[in-house]
1. Being hydrophobic (A, V, I, L, M, F, W, C) and open to solvent by 10 Å² or more (accessible area, probe 1.4 Å) narrows it down to one residue among 128, 93, 111; which is it?
2. May I ask you to verify whether residue 99 is in contact with a helix residue (DSSP H, G or I) (Cβ under 7 Å, 6 or more places away or on another chain) and under 20 Å from residue 149 (Cβ atoms)?
3. Which number in (1) out of contact with any strand residue (DSSP E or B) (no Cβ under 7 Å at 6 or more places or on another chain); (2) of a type outside the set (Val, Ile, Thr); (3) more than 25 Å from residue 35 (Cα to Cα); (4) modelled with pLDDT under 95 marks the one condition that residue 117 misses?
4. Do we have any residue at all in the stretch 321-329 that's free of Cβ contacts under 8 Å to residues at least 40 places away in the same chain and in a loop (DSSP other than H, G, I, E, B)?
5. Looking at (1) touching a helix residue (DSSP H, G or I) at 6+ places or on another chain (Cβ under 8 Å); (2) modelled with pLDDT of 95 or more, which is the only condition residue 23 fails?
6. Could you please find all residues in the stretch 284-294 being surrounded by fewer than 16 Cβ atoms within 10 Å (Cβ to Cβ) and of a type outside the set (D, E, K, R)?
7. Looking only at the stretch 221-280, how many residues end up being touching a residue at least 60 places away in the same chain (Cβ under 8 Å), open to solvent by 60 Å² or more (accessible area, probe 1.4 Å) and within 19 Å of residue 121 (Cβ to Cβ)?
8. Got a sec? Which of 294, 307 is touching a residue at least 40 places away in the same chain (Cβ under 8 Å), more than 30 Å from residue 34 (Cβ to Cβ), over 25 Å from the mean Cα position of the chain (by Cα) and not in a loop (DSSP other than H, G, I, E, B)?
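The values are calculated or read from the model by the stated rules, or taken from the named source; none is laboratory data. Bear in mind that the values here come from a model prediction, so they are computed numbers and not experimental data. Cβ placement follows ideal geometry from the backbone for every residue including glycine, while neighbour counts extend to all protein chains displayed. Heads up: the accessible areas ignore ligands, DNA and RNA and are worked out on the full protein's heavy atoms, side chains in. Shrake-Rupley method; radii C 1.70, N 1.55, O 1.52, S 1.80 Å.
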Amino acid sequence: MKRTKKTMALVLAAAMAVSPAACFSASAADDVTTLLLGYENSSSEPIGQALEYWAQLIEEQGDGSLVLELYPDSQLGSKNELIDAMTLDEPYITLADGAFYADYGVNDFGIVFAPYLFEDWDQCWTLIESDWYADMCSQLEDKGLKIVTSNWKYGERHTLTTTPVETVDDLAGLKIRVPSNEIQSYGFDVLGATSVAMDLGDVYTSLQQGTIDGAENPLATLYGRKLHEVAQYLILDAHVLNFTTWVMSANVFNSLTEEQQELLVSTASEAGLYNNDLVDESNEEYLQLMIDEGVTVVDPSDEVMDGFREKAEAFYDYADTFGWSDGLYETVKAAMGAE
């Protein structure tokens, strides 16, 4: 039975009286370990459908000792709140990316969210199989966070605004919502916009009230959150090819049996492939739905895209600000198979 937000609040309050690890052990005492997966997106988006498939795979392939409960629409709290709770060994799983992991002490991880780093998805998948990426995951585990899988495609991130944007110069002065991390903030600032860090659940009202002038995300999320109702100009700038990861407490993962660990990881990867097919199949559908509902779409020319990429080059001037290792850009380009 799923926990309500009220029940969860009581559980967390009680947990303050004992160590988080003890609380987790108690929850597993009945031979059933329940992991709570909280995420910002709607359950109707491809990623929500894929998560239901993941939970189903665990149920079908497991022995009943591991259960995955899903909480969409930030029901368990924001991404940062969940990750903070993971460092206290709460049994959460959430979606996060390298930009967030940079904020949690693995600085070099942030480069995977650099604007226009990847030329295609094959470079993403090559990177996550590289020794460099394995080292990033190991460093993150030392910080108390375990990446369960990295093969999920979140999508190409595009920009939706309340006023027309046809070239990168049109972003000048616009307040664009980004997730609450340093990398994505700088990534939009160098394009000429003013980034505004904000939880996804607050974006609709902020666009409606004029607090911000736009937001960026894959088409599925922009449409799934109905942001096109209050911002009707879309430019397909694909500033980030966003592969994403599912992360949990390293201590909680290590407390699982070997069979449970293998089940969790293998089904996460299998569900990732299912998710990627859904994302690919849905892109044209979401785009057409947005057009049908009044959105003006700009599909930029190669020349316009060159303008975006040239502006984005300034992002790498902040390598010292981000605390990156020397030669990180070249190291990552080699790891992802870029010439």
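1. When all the criteria are applied, what remains is 128.
2. yes
3. (4)
4. yes
5. (2)
6. Once the filter is applied, which keeps residues that are surrounded by fewer than 16 Cβ atoms within 10 Å (Cβ to Cβ) and of a type outside the set (D, E, K, R), the stretch 284-294 yields 288, 289, 291, 294.
7. Qualifying residue count, the stretch 221-280: 4.
8. Exactly one residue qualifies, and that residue is 307.
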